[in-house]
Amino acid sequence: MRPLSEIKGLSPALRSQLGKLGITSAEALLLHLPLRYLDETRITAIRDLRLGEQTQVEGVVVHQEVSYKPRKALNVSLQDDTGILHLRFLHFYPSQIALMQPGQRLRVFGEVRGGFFGYEMVHPTQRKVSEETPVNQALTPVYPTTAGLSQNSLRKAVNLVLQPALLTETLPAWVYASLALPDFASSMHLLHQPSPDSPLPSLEDRSHPAWQRLAYDELLAQQLSMRQHYARRKRATAPAIADTHALADRLLAMLPFELTAAQQKVVKEIRQDLGQPYPMQRLLQGDVGSGKTIVACLAALQLIEHGWQVAMMAPTEILAEQHYKKLSSWLQPLGITLAWLTGSQPKREREQSLSMIANGEAMLAVGTHALFQDEVQFKQLGLAIVDEQHRFGVGQRLALRKKGATSGQATALEPHQLMMSATPIPRTLSMSYYADLDVSVIDELPPGRTPIVTKLVADDRREEILQRVYEACTQGHQAYWVCPLIEESEALQLQTANDTFAYMQKVFPTLKVGLVHGRMKPAEKQAVMQAFADNEIQLLVATTVIEVGVDVPNASLMVIEHAERMGLSQLHQLRGRVGRGAAKSTCILLYSKQQCSQIGRQRLKVIYESNDGFAIAQADLHIRGPGELLGTRQSGVPMLKIADLERDEHLLDAAKPVAEKLLQTDPAAVSAHLQRWLSQAEEWIKV
Ligand code: ADP
Ligand code: MG
């Protein structure tokens, strides 16, 4: 890395301003790439201007005035041989009044708009010229910048570092030549100083080979780094658990169902991993209801059979509680002791759990985030299972990994990790941001599920829907009524839930109505969920706390209010709470016609048309970009700055095998490439 202080001609003031953009090295400055480009290489005749066009005009000022109505503005008329263009400035300096005096020749650049007097430009850039001033020879790059740092200073600074010594090639030619991409130096020259004949559209949409080269470099760096993490993990030590499964077989014999073929396949993959002497890091993906819990349980049994403890973590108390109950009902008949741990349990109960975990009496500990805390000491933890992994941060997973290190032992052992997620990860994401993990997919639902019917209903038809809820509940079914998400205020959300609950009790005096929300005491929550599971409550008014994992098969109707405000994966998760039994299930999405945004509309269309979690996740990626889907994972993983997973999928495909090959054959290229690209990203994954 070359610090900016070593770059001749860069003033300390400019250096400190670049620092504000996070740019402290020449390499980082080079990779500070333009957002867009202005074409100041041409001058357009005023007669030929087109609405919406970004363009440059040259003319002589024929009139200038400051008007005060409707608000203060500087108005300037610019004339060339073909017509007059109006310039308008709502903020302006005395120096601009002085510059744009009648008679002065100017070049202005801006967007052509329709104004009161014909075409105009609002706040164009303006420059004093004479008839002899040559036009620019390159397209003008526009950089992301910060207050006080002008585009001109940025361009000058970039110009200082655009030198051969800093533009060395990191990759062997076969890598980029096979994709018909240019070398690094010429790509950088082109992007920072494109010649006038460079095609502006492909520079702007980044499909130009120079952009593609950089996107490829970035994706390749990500692949290399992820593969290195992968390799590092294989050098760590974990307990190798023999693939015997007497306990699992006993449980399977007791279950009222058979595993689906997809479940059997992933069970096999996990068993193989557990037999290795290095830690498993496997992501188990399966749509809502695909039966991940039993798969996790079978994995746990393999550890328990050999005397190792297992931790299972869920993101909410409701879900943790449900897992605890389900797993207890499966494991207690096998003589296995479980411990239960949450942040809110009574002190005595908690201390008892902690001691059972520490002395090894409890072979399986189920709980929430509480399991991460320092005071939780396992006797010998061999496997950590994380349900709904996208809800957990990288740091939490790391904390858990450390719990495997038994003190006093010669080598620190890491526990195996099984992460589960019902938010499917589109192919491009699992190939990039998740490339350090192994992935198993349950791509089949258990038999006998009837598909959920989804209805979109405008909220002026609430009465009808209420009638429907009543009918379902009086016919022995159960229903969820999900209250709207109110992001701005948790208090307001709570109030809405309380109001809805009161309202439902009033309109349905003969039904048993329940309420569950995030602010209730865990014991209250559990009591309500239990009553719902036992069919003592017919209609459950809920906030989105029921979004993850809750399993009450008899519930077959769900109404979601203001569905337009919710994210796609959230809607899909919520909807997955019904359709879990044999009865035909319906999910009604109530939306507000007035408040539905463009994105809201797009989302509703997707969720209405598809029941397939993968298709929905793909659409989500398209609508929102990767940030949404990555969830908390993004806090530990570098975000791609140049590459776009959708646009550049072909480059990602190409980068994967090349990364493998480079790692095996060209360590010098790997380290040069990672040095250039990794030092830009502070946030590289540390797990
Ligand atoms: P998810 O993958 O969403 O976590 P669960 O593990 O909660 O799904 O399973 C959903 C329901 O399906 C549970 O009631 C579970 O016991 C049941 N189940 C799991 N596997 C099967 C199977 N192979 N056949 C029938 N039912 C199953
Ligand atoms: Mg689940």
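The table for this structure:
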item: Among I452, V578, C297 the positive-end extreme of the charge dipole of the chain (Cβ point charges); result: C297
item: Inter-probe distance in nm under a simple model that places probes 7 Å from Cα toward Cβ, at A180 and A231; result: 3.2
item: Sorted by Cβ density within 10 Å, fewest first, the residues R36, R213, R348; result: R348, R36, R213
item: For region 86-206, size of Cβ-based charge dipole, Lys and Arg +1, Asp and Glu -1, in debye; result: 500
item: Computed magnitude of the charge dipole of the chain (debye, nearest 20; Cβ of K, R +1, Cβ of D, E -1); result: 900
item: Distance between modelled label sites at S130 and D612, nm, 7 Å Cα→Cβ extension; result: 6.9
item: Surface/4 estimate of mean projected area, convex hull on alpha-carbon atoms of region 195-320, nm²; result: 12.7
item: Kirkwood-based shape ratio for region 452-610, expressed as Rg/Rh from alpha carbons; result: 0.93
item: Rg/Rh (Cα only; Kirkwood hydrodynamic radius) as it applies to region 246-442; result: 0.94
item: Exposure proxy ranking, count of Cβ atoms within 10 Å, fewest first, for F116, F372, F532, F508; result: F116, F508, F372, F532
item: DSSP bridge orientation in the chain - percent antiparallel, rounded to nearest 5; result: 40
item: Relative exposure of H323, H208, H306, H416, judged by other C-beta atoms within 10 Å (fewest first); result: H306, H208, H323, H416
item: Crossing angle, helix 292-305 versus the chain [Cα axis fit, 0-90 degrees, rounded to tens]; result: 60
item: Mean Cβ neighbour count within 10 Å, used as a protection proxy, ranking 639-650, 169-180, 455-466 highest first; result: 639-650, 169-180, 455-466
item: Rel. contact order, % - alpha carbon contacts under 8 angstrom, at least six apart, the chain; result: 12
item: Extension gain (nm, one decimal) between T168 and E204, 0.36 nm per residue minus Cα-Cα; result: 10.4 nm
item: Added length on full extension, which subtracts the Cα-Cα distance from 0.36 nm per residue, T474 to Q377; result: 30.0 nm
item: Extension gain (nm, one decimal) between F117 and E351, 0.36 nm per residue minus Cα-Cα; result: 76.3 nm
item: If the convex hull is drawn through the Cα atoms of region 124-187, its volume per residue in Å³; result: 166
item: Within the chain, helix-based [θ] at 222 nm, where runs of 4 or more DSSP H residues each add -39,500 (n - 2.57), nearest 500; result: -11500 deg cm²/dmol
item: Percent RCO, i.e. relative contact order, over region 42-135, from Cα pairs under 8 Å lying at least 6 residues apart; result: 29
item: Simple label model, 7 Å out from Cα along Cβ direction - E660 to K402, nm; result: 3.6
item: Cubic angstrom per residue, convex hull over Cα atoms of the chain; result: 211
item: D (Stokes-Einstein, µm²/s), Kirkwood Cα radius, region 248-347, 0.692 mPa s at 37 °C; result: 222
item: Candidates per chymotrypsin sites (Phe, Trp or Tyr not before Pro) in region 191-259, loop by DSSP, up to 16 other Cβ within 10 Å; result: F257
item: Region 42-135 - Kirkwood radius from inverse mean 1/r over Cα pairs (Å); result: 13.2
item: Angle in degrees between helix 667-678 and the longest Cα principal axis of the chain, rounded to the nearest 10; result: 80
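Here, each number is a calculation from the coordinates, and none is a lab measurement. Every value quoted in this text rests on a predicted model; they were computed, and no experiment measured them. Glycine also receives a Cβ, built like all others from the backbone with ideal geometry; neighbour counts cover every protein chain displayed.
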